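Q: Encoded as structure tokens, here's the structure I'll be asking about.
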Amino acid sequence: MTGVEPRVIQLVMSLRGSGVTDRHVLGAIERTPRNIFVPERFQDHAFDDRALPIDCGQTISQPLIVGLMTQLLKVDDRCKVLEIGTGSGYQAAILSRLSRRVYTIERYRTLAKEAEARFASLRLTNITTRIGDGTKGWPEQAPFDRIIVTAGAPIRPDTLLSQLKPGGIAVVPVNNDSGTQTLIRYTRTETGELDEDAIMDVRFVPLVDGETKTL
Ligand code: SAH
């Protein structure tokens, strides 16, 4: 067995310094080789703390944002998690190490297929990938303990949030007036109301409403 990639140790230390303090989250990041999720031409930057381009004009998120969003979700091994925006599959892979099962939806077939191949190569068998419009959620599998959206929603995604269990947490970037998004944490109370906390400003590719792309 080869040793742990030294660049991942550097990355984990930098994330810890920037506020990712949950050791389970840091452990999941350490065990997930980001280079596998990054295109060939960006391999030199695979462990940099920055977003990078992937196919279909999309991006793999910045590791700090992946770490902070995962930490906000407070995932444990009993959680059934829904992710909207599979992209490279990196965020789903991190979640799969911390939860019982991950359901992830991507509108680009190319990205979904590439992500599935990566999950198989890492033997992450608790992730189910679907090609389609994530704004509708996954009604057949609802309700979910946790929901994460990794694309910027124009407004509060009520259809998705209706699939969140009482006691559940959702983390969603929602467009604000400054042309970026505010990361919002929604908590469904045991009595069914929705609490909202604005966490920080973020910048994601848009969550696109409607038709599935089959590219
Ligand atoms: N979580 C990803 C980052 C993905 S970028 C990662 O770790 O790499 C956001 C992704 O959301 C893009 O791949 C984009 O195609 C997808 N997306 C945008 N709108 C969508 C929708 N309505 N349904 C499903 N996926 C969508």
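Q: Need the full-extension length gain, R109 to D158, defined as separation in residues times 0.36 nm minus the C-alpha distance. One decimal, nm.
A: 15.1 nm
Q: At R0 = 25 Å, how high is the FRET efficiency between R130 and Q10 if r is their beta carbon distance? Nearest 0.05 is fine.
A: E between R130 and Q10, to the nearest 0.05, is 0.10.
Q: Is the shape of region 131-174 rounded, prolate or oblate, going by the alpha carbon gyration tensor and its root eigenvalues a ≥ b ≥ c, with a/c under 1.5 for rounded and a/b larger than b/c for prolate?
A: oblate
Q: Which far-off residues, 5 or more places away or on another chain, put their amide H under 5 Å from the one on V174, with H placed in the peptide plane?
A: Placed amide hydrogens put A153, T182, L183, I184 under 5 Å from V174.
Q: Tell me the net charge near W138. Cut-off is 14 Å between Cβ atoms, W138 excluded, with +1 for each Lys or Arg and -1 for each Asp or Glu.
A: +2
Q: Under 5 Å between amide H atoms, partner at least 5 residues away or on a different chain: which partners does I147 have, H built in plane at 1.01 Å?
A: Here the answer is L82, I169, A170, V171, since their amide H atoms fall under 5 Å of that of I147.
Q: Cα axis of helix 109-121 to longest principal axis of the chain: angle in degrees, 0 to 90, nearest 10?
A: 60
Q: Under the Karplus relation 6.51 cos²θ - 1.76 cosθ + 1.60, θ = phi - 60°, what is the ordered set of whole-Hz ³J(HN,Hα) values for region 33-43, x standing for Gly and Pro?
A: x, 5, 4, 5, 9, 10, x, 3, 6, 10, 4
Q: Around T182, under 14 Å between beta carbons, what's the net of Lys plus Arg minus Asp minus Glu among the other residues?
A: Net charge around T182: -1.
Q: Now for a separate question. Using Stokes-Einstein with the Kirkwood hydrodynamic radius over Cα pairs, what translational diffusion coefficient do you get for the chain at 10 °C and a viscosity of 1.306 mPa s, in µm²/s rounded to a whole number?
A: My calculation gives 92 µm²/s for D.
Q: Distance between Cα centroids, region 33-70 to region 139-215: provide it in whole Å.
A: 21
Q: For region 1-53, calculate the relative contact order in percent as a whole number, restricting contacts to Cα pairs under 8 Å that are 6 or more residues apart.
A: Reported as a whole number, the value is 36 percent.
Q: Amide H to amide H under 5 Å from A51: which residues, 5+ apart in sequence or cross-chain, H placed 1.01 Å off N in plane?
A: Residues meeting the criterion, in which the H sits 1.01 Å from N, are Q62.
Q: Something else now. What is the order of C79, C56, fewest Cβ neighbours within 10 Å to most?
A: Exposure proxy ranking, most exposed first: C56, C79.
Q: Would you mind checking the tilt of helix 6-17 against the longest principal axis of the Cα atoms of the chain, expressed as 0 to 90 degrees and rounded to 10?
A: Between helix and principal axis, roughly 40 degrees.
Q: Compute the signed sum of charges (Lys and Arg +1, Asp and Glu -1) over the other residues within less than 13 Å, Cβ to Cβ, of D22.
A: Around D22, the charge tally is +2.
Q: Once the piece of chain linking T180 and Q141 is laid out straight, how much longer is it, given 0.36 nm per residue of separation minus the C-alpha distance between them?
A: Result: 10.9 nm gained on full extension.
Q: Report the charge-dipole magnitude of the chain in Debye, nearest 20, computed about the Cα centre from +1 at each Lys and Arg Cβ and -1 at each Asp and Glu Cβ.
A: 600
Q: In whole Hz, with x marking every Gly and Pro, tabulate ³J(HN,Hα) for region 131-147 from phi via Karplus 6.51 cos²θ - 1.76 cosθ + 1.60, θ = phi - 60°.
A: Karplus values, whole Hz, x for Gly and Pro: 9, x, 8, x, 5, 8, x, 9, x, 5, 9, 5, x, 10, 6, 9, 9.
Q: Using just the helices of the chain, give the 222 nm mean residue ellipticity in deg cm²/dmol: DSSP H runs with n ≥ 4 each add -39,500 (n - 2.57), and the total is spread over all residues, rounded to 500.
A: -7500 deg cm²/dmol
Q: Would you mind calculating the gained length between E196 and A117 on full extension (0.36 nm times residue separation, minus the Cα-Cα distance), in nm to one decimal?
A: 24.9 nm is the gain from fully extending E196 to A117.
Since every read-out is calculated from the coordinates, none of them should be taken as a lab result. Just so we're clear, the structure is a prediction, and the values are computed from it rather than from any experiment. Cβ atoms come from the backbone with ideal geometry, glycine included; neighbour counts cover every protein chain shown.
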